[in-house]
1. Could you figure out which of (1) open to solvent by less than 20 Å² (accessible area, probe 1.4 Å); (2) part of a helix (DSSP H, G or I); (3) among the hydroxyl-bearing types (Ser, Thr, Tyr) isn't true of Tyr143?
2. With respect to Ile63, is the statement that it is closer than 23 Å to Leu149 by Cβ, not basic (Lys, Arg) and not in a helix (DSSP H, G or I) true?
3. Could you list, in sequence order, the residues of the stretch 80-99 that are touching a Phe, Trp or Tyr at 6+ places or on another chain (Cβ under 9 Å) and closer than 16 Å to Tyr143 by Cβ?
4. When the residues of the stretch 218-259 are narrowed to those that are open to solvent by less than 80 Å² (accessible area, probe 1.4 Å) and outside any helix (DSSP H, G or I), which ends up nearest to Ile187 (Cα to Cα)?
5. Being open to solvent by 80 Å² or more (accessible area, probe 1.4 Å), under 22 Å from the mean Cα position of the chain (by Cα), modelled with pLDDT under 90 and more than 21 Å from Lys3 (Cβ to Cβ), is that true of even one residue in the stretch 34-47?
6. For the stretch 76-113, give me each residue that is among the β-branched types (Val, Ile, Thr), touching a residue at least 24 places away in the same chain (Cβ under 8 Å) and assigned to a helix (DSSP H, G or I).
7. Quick check on the stretch 226-243. Is at least one of its residues in contact with a Leu (Cβ under 8 Å, 6 or more places away or on another chain) and modelled with pLDDT under 90?
8. Considering only residues of the stretch 71-96 that are surrounded by fewer than 23 Cβ atoms within 10 Å (Cβ to Cβ) and among the hydrophobic types (A, V, I, L, M, F, W, C), which is farthest from Leu28 (Cα to Cα)?
Amino acid sequence: LRKELLELVRTDFKLRYQGSLLGYVWSLLKPLLMFLILYVVFVYFLRVGKDIEHFPVYLLLGIVMWNFFSEMTIQSLGSIVGRGDLIRKIKIPRWMIVISTSASASINFILSMIVVFIFMLINKVDITLSGMGMLFVYATMIYVFALGLSLLLAALYVKYRDVSYIWEIVLQAGFYATPIIYPLQMIKNPLVEKLLLLNPVAQAIQGARHDLITHQALTTHELWNYQWQTFVPIVAVVAVLAMGTMYFRRESKSFAENI
């Protein structure tokens with residue numbers, strides 16, 4: 001299984017940039033170009049984040065982590081349908097196809113994080129081992145959450161092609177509901193601040209910013225004062241993974257007939 005998985009990952013990564021002049025460079029350019037546009041609009045014109053230390057890196061890290069989540073779910077959503085011929089010809093575990101797609105997104109995330117660390121050095125942000133360790137924890141949290149959603153979405157998409165349009169709208173709403181382009185302090189409503197950070201992706205982004213860049217980034221633990229609500233995002237991650245796995249396993253038996 002290991003060889004088959006590695007081959008799927010290699011093939012998926014190559015196909016993604018096939019026919020592109022810049023190829024793998026797009027995995028770095030995409031978050032950088034998005035960062036540049038948002039930085040000019042929100043920092044220079046709207047003066048957002050002027051009170052946040054190292055806000056350019058703060059913004060870039062949020063964009064990179066959100067892109068990791070969105071790219072993983074979007075690419076995985078159509079992975080089973082896209083590999084329909086392979087599923088009919090070769091008997092392989094269906095979950096392996098989704099895992100290979102998630103691995104490609106993880107590679108892009110690692111490449112993008114190299115750019116983030118370069119920006120951290122330029123902005124003279126102290127890089128600590130504890131911060132790096134917590135970044136790994138939060139990135140893993142996003143990966144597990146996105147994997148659960150990916151399994152669910154990939155299985156649903158086999159039957160209902162409208163899922164892709166619905167998920168696109170959900171991601172657009174989620175991008176603005178997550179404190180990525182604005183500091184959470186701008187909300188000025190304690191209850192809304194708390195509710196926004198019950199989102200696992202928001203918790204991961206804010207936690208990574210707090211431990212890696214600046215303690216001005218508000219976290220779930222701080223807002224909820226270490227009460228039981230602090231564990232809601234973690235429970236949500238586990239629940240989504242379990243639900244996605246069970247639904248995918250149940251539906252995978254009929255993938256070949258329904259694609």
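1. Going through (1) open to solvent by less than 20 Å² (accessible area, probe 1.4 Å); (2) part of a helix (DSSP H, G or I); (3) among the hydroxyl-bearing types (Ser, Thr, Tyr) one by one, Tyr143 breaks only (1).
2. Details: closer than 23 Å to Leu149 by Cβ: yes; not basic (Lys, Arg): yes; not in a helix (DSSP H, G or I): no.
The answer is no for Ile63.
3. Trp95, Val98
4. Applying the first criterion (open to solvent by less than 80 Å² (accessible area, probe 1.4 Å)) to the stretch 218-259 yields 218-221, 223-224, 229-230, 232-233, 236-237, 239-242, 244-245, 247-248, 251-252, 254-256, 258-259.
Pick out the ones that are also outside any helix (DSSP H, G or I) and you get 218-219, 224, 259.
Details: Leu218: 12, Thr219: 14, Trp224: 16, Ile259: 45 Å.
For the stretch 218-259, the residue satisfying everything is Leu218.
5. So in the stretch 34-47, the residues open to solvent by 80 Å² or more (accessible area, probe 1.4 Å) come out as 36-37, 44-47.
Subsequent filtering for residues that are under 22 Å from the mean Cα position of the chain (by Cα) retains 36-37.
Filter once more, keeping what is modelled with pLDDT under 90: 36-37.
This time we only want the ones that are more than 21 Å from Lys3 (Cβ to Cβ), so: 36-37.
Looking through the stretch 34-47, at least one residue is open to solvent by 80 Å² or more (accessible area, probe 1.4 Å), under 22 Å from the mean Cα position of the chain (by Cα), modelled with pLDDT under 90 and more than 21 Å from Lys3 (Cβ to Cβ).
6. Narrowing the stretch 76-113 to residues among the β-branched types (Val, Ile, Thr): 80-81, 87, 90, 92, 97-99, 101, 107, 110.
Filter once more, keeping what is touching a residue at least 24 places away in the same chain (Cβ under 8 Å): 80-81, 87, 92, 97-99, 101, 107.
Result: Ile80, Val81, Ile87, Ile97, Val98, Ile99, Thr101, Ile107.
7. Residues of the stretch 226-243 that are in contact with a Leu (Cβ under 8 Å, 6 or more places away or on another chain), as a first pass: 229, 232-233, 236, 240-241, 243.
Retained after the next criterion (residues that are modelled with pLDDT under 90): 229.
Yes, that holds for at least one residue.
8. If we take residues in the stretch 71-96 being surrounded by fewer than 23 Cβ atoms within 10 Å (Cβ to Cβ) and among the hydrophobic types (A, V, I, L, M, F, W, C), then Ile90 is farthest from Leu28 (Cα to Cα).
The values are calculated or read from the model by the stated rules, or taken from the named source; none is laboratory data. Bear in mind that the values here come from a model prediction, so they are computed numbers and not experimental data. Reconstructed Cβ throughout: ideal geometry from the backbone, glycine too, with neighbour counts over all protein chains shown. Side chains are part of the model used for accessible areas, which takes the heavy atoms of the whole protein and leaves out ligands, DNA and RNA. Shrake-Rupley method; radii C 1.70, N 1.55, O 1.52, S 1.80 Å.
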